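What follows is one structure encoded as structure tokens, with my remarks underneath.
Just so it is clear, none of the values below were taken in a lab; they were calculated from the coordinates. Computed from a predicted structure; not experimentally measured. Quick reminder, even Gly has a Cβ in these numbers, built from the backbone with ideal geometry, and neighbours come from all protein chains shown.
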Amino acid sequence: MLRKFKIAIDGKEYLVEMEELTQGQPAPVAPPVAQQIVQPVAQPAPTQATEAPVAAPAPAPVAAPTGDGVVVDAPMPGTILKVLAQVGDQVKANQPVLILEAMKMENEIVAPHDGAVTAIHVAVGDMVNPGQPLITMD
């Protein structure tokens with residue numbers, strides 16, 4: 001599964017595409033150069049010299065369409081710390097709906113698009129695995 005991440009190195013942001021390997025699949029020794037895509041992302045200049053850098057929310061998990069709406073899956077293993085939305089809530093694209101703790105870091109799981117939350121598949125304290133459904137939106 002190909003996933004996109006935005007990372008910052010020395011103050012410059014880059015868009016990186018990574019392929020998730022499944023268990024039992026041998027890891028390539030050296031990926032072909034044609035598959036490596038690293039693009040710098042334009043970053044607006046800070047408005048004030050004292051402005052502190054803001055941590056970006058976790059990338060929106062891959063949303064798999066189903067007959068009942070769009071299912072937002074867990075992007076990584078972790079524990080649900082907070083559920084920020086409830087069934088029936090109208091949310092905007094990129095609005096945080098869950099907080100997922102992974103490797104002692106709090107990651108915001110955001111809505112992939114504007115819509116209503118139709119189901120929440122997890123509760124505070126639940127441990128989740130990558131690809132596990134978290135919420136469903138219409």
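By the count of other C-beta atoms within 10 Å, a proxy for reagent exposure, Leu2, Leu84, Leu100 are ordered fewest to most as Leu2, Leu84, Leu100. Would you please state which residues of region 68-111 a label at Thr118 would reach in this model, taking the label point 7 Å out along Cα→Cβ and a backbone N cut-off of under 11 Å? The answer is 68-71.
Only lysines eight or more places from Lys104 in sequence, or on another chain, were considered; those with a Cα closer than 21 Å are Lys6, Lys82.
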